[in-house]
1. Where the accessible area of the range A:221-345 is counted over protein heavy atoms with a 1.4 Å probe, how much of it, in %, is carbon and sulfur?
2. For the range B:1-35, list whatever residues lose no less than 50 Å² of accessible surface once every protein chain is in place, relative to that chain by itself, with the probe at 1.4 Å.
3. Leaving ligands, DNA and RNA out of it, rank A:Lys203, A:Lys213 by accessible area with a 1.4 Å probe, largest first.
4. Among rounded, prolate and oblate, which fits the protein assembly as shown when a ≥ b ≥ c are the square roots of the eigenvalues of its C-alpha gyration tensor, a/c under 1.5 means rounded, and a/b larger than b/c means prolate?
5. Considering only protein heavy atoms, what per residue accessible area in square angstrom results for the range B:100-235 with a 1.4 angstrom probe?
6. Using alpha carbon centroids, what distance separates the range B:224-277 and the range A:311-350, in Å?
7. Calculate how steeply helix B:212-225 sits against the longest principal axis of the alpha-carbon atoms of chain B, using the helix alpha-carbon long axis, and give the answer as 0 to 90 degrees to the nearest 10.
8. Summing both sides, how much accessible area is buried between A and B? Use a 1.4 Å probe and give Å² to the nearest 100.
Amino acid sequence: MKEFFLSKDSYLKFVENLSCEFSLYAPVQKGDFLFYDKVNKENIDKLFVDLRRTIHPIKSFFIPPQRRVSEYFISSSEKREEKKKVILGVKNCDLNALKILDNVYFGEEFGREYKDPYYMEARKETILISSDCMDPDENCFCTLVQSKPFPEEGFDLNLSNIEEGFIIQVGSEKGEELIEAFRDLFSSVNKDMSKKREKNREKIFKLLEKINKKFKTSSSYRELVRDSYDSSVWKKYSESCVECGGCNQICPTCRCFLLSDKKRGEKYEKYYLWDSCLLAGFARVAGGANPRPYLFQRFANRLFCKFFFFPENINLDACTGCGRCISVCPGKIDMRKVLRDLAIEKRVTVSLEK
Amino acid sequence: MNNPYQPIKTEILQVIQETPQIKTFVLKPENRFEFRAGQFIQLTIPGIGEGPFTPSSSPYKNEKLEVTIMQVGRITSSLHNMKEGDLVGIRGPYGNRYPLERWKNKEILIVGGGVGLAPLRSLFFSLTHYINDYPRIVFCYGAKTPEDIVYKESILDKWQKEFKNKVSFRITVDQGDEKWKGRVGVVTTALEGINEEIKKITESVSVVCGPPIMMKFTTLKLLDLGYKPENIYLSMEKNMSCGIGKCGHCQLGKYLVCRDGPVFTYEKLRDIPQIWD
Ligand code: SF4
Ligand code: SF4
Ligand code: FES
């Protein structure tokens, strides 16, 4: 993989240039959390590109909470021209989530010949500049799902902070083009710089292992969840669930939606709306029968989806370890604890030290 | 690029009242529309919403399409208020079909309950299109009362005459009335003595469609009679939304019903908890 060095000054110029030529989005701090915001003159000096993931998931750039997907029986030709998007400060867990969504929206395994034209268009028109994580929070657990806090693939460009500037890696043709466009901002990387990057990466990896020490189980989450339908753990934890659906909405890999119809003027339109499998009506059929009438079943379903259904279909866990569901849950439910208790119930070794 | 969410403009040509709660809609899509028995379509009621339905007409007639629909909820109620000349939208067809080519030279047992007869009618048209491929077809059907029998004329009379030596019918109602001379009892009772008609039960194929509770008891009965799990074909009802494997609504264990079904053999489903709920 090609890589370049970007000094602190050049980095600022680079971001400024990006914000002029593209619709640029980057993490900013609001309250306790980081959010993606459109970069403008006011916030350009307040970006946090390399701390940790934002709280809202990157999926909203590709599958917004609500979108018109078709018009019938007359169609108008309103077309919005939008600048190409650049998302800066994407994290490895976000990139892993896109892998899942790519499979759902245009992969062979989900829906064969049916591809979602809106998702594909958005993916094509968006440039992803990711970065290594420098400051994970206590809910981050990518290392528990066999991932790492720094990207190795799936990005167009990746930034690694090394005090004097950034090492920037080129991961795709789109990334290459961007480098070419601003060629004079970049210089070459020396051995010292690479060493610094490796040291940082190792340090953050170790930090995550420490944060998650008390949750680590010797069996993988896939093995724990499989055949656990009857576990009492689901009942126990779902007692504090208030069925808000927040964990589904905030989850970067939850992709479930509902199509709904509206009339607008003379036209009829079909919309797509995010949906949540934690909500009672999610699986109910027209006649009223519901395959998951009890909350504990729906609660279990979310983890079954992540660690059983997705692996069975595409051999990937649909959990990236981003920990967003832990951060937002009003019932203070921590899925690491849920999974740890499954392990205890199955008598699998768990490290319980605090 | 092809937009899989775009419905095809479709005119309602005719509305047939089958029972007090069930109507058949004869539809004419603007574009050519082909399907195979077992597959489903998404039917859009303009401005109201969309729902999955299985065509009940013959796949070999593709200028028109029929769907038989029971009034149970918001969408089906609006549909029941529509009349000839009104417009709806359709998308599809989606999902798998009955694997007829694998059933050649086998005895076939069809078991339907209530409005579950709809896809079975389409299947019946397909089977009888190549009637000589199947040594024997037994058609069991159960409805609540004689009034609730769908396609009355066909199933009680026309088909019985037309396929006299090839197909035998066992029609039952849970509750008869003074005019009813046929069987009385739930559909599983019509399966009693089936081994007198079906020579090789272990080789025979059974196809079941109806309300979940009926499918459950029928499946148990069929297993009891000696049917192999891999020869019991079930049409699963789920609340499909996208129909194209994306929205997650039709998930059934590791399967998506819109992609891997709606037709499943019992063998594929037996290990999934709560399949009948
Ligand atoms: S966890 Fe639930 S909402 Fe999320 S993708 Fe799976 S089924 Fe859909
Ligand atoms: S965020 Fe917490 S309370 Fe809300 S649905 Fe999810 S588990 Fe339940
Ligand atoms: S109906 Fe949407 S995934 Fe099957």
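The values are calculated or read from the model by the stated rules, or taken from the named source; none is laboratory data. This is a predicted model, so every value here is computed, not measured. When we count neighbours, we look across all protein chains shown, and the Cβ atoms used for this are built from the backbone with ideal geometry, even at glycine. SASA here: full protein model, heavy atoms, side chains in, ligands and nucleic acids out. Shrake-Rupley method; radii C 1.70, N 1.55, O 1.52, S 1.80 Å.
1. Details: 2490 of 4860 Å².
The computed percentage sits at 51.
2. Buried on complex formation: B:Met1, B:Tyr5.
3. Ranked from most to least accessible, the order is A:Lys203, A:Lys213.
4. Note, shape of the protein assembly as shown comes out prolate.
5. That works out to 46 Å² per residue.
6. 27
7. 30
8. Working: alone 18300 and 13500 Å², together 28220 Å².
Interface between A and B: roughly 3600 Å².
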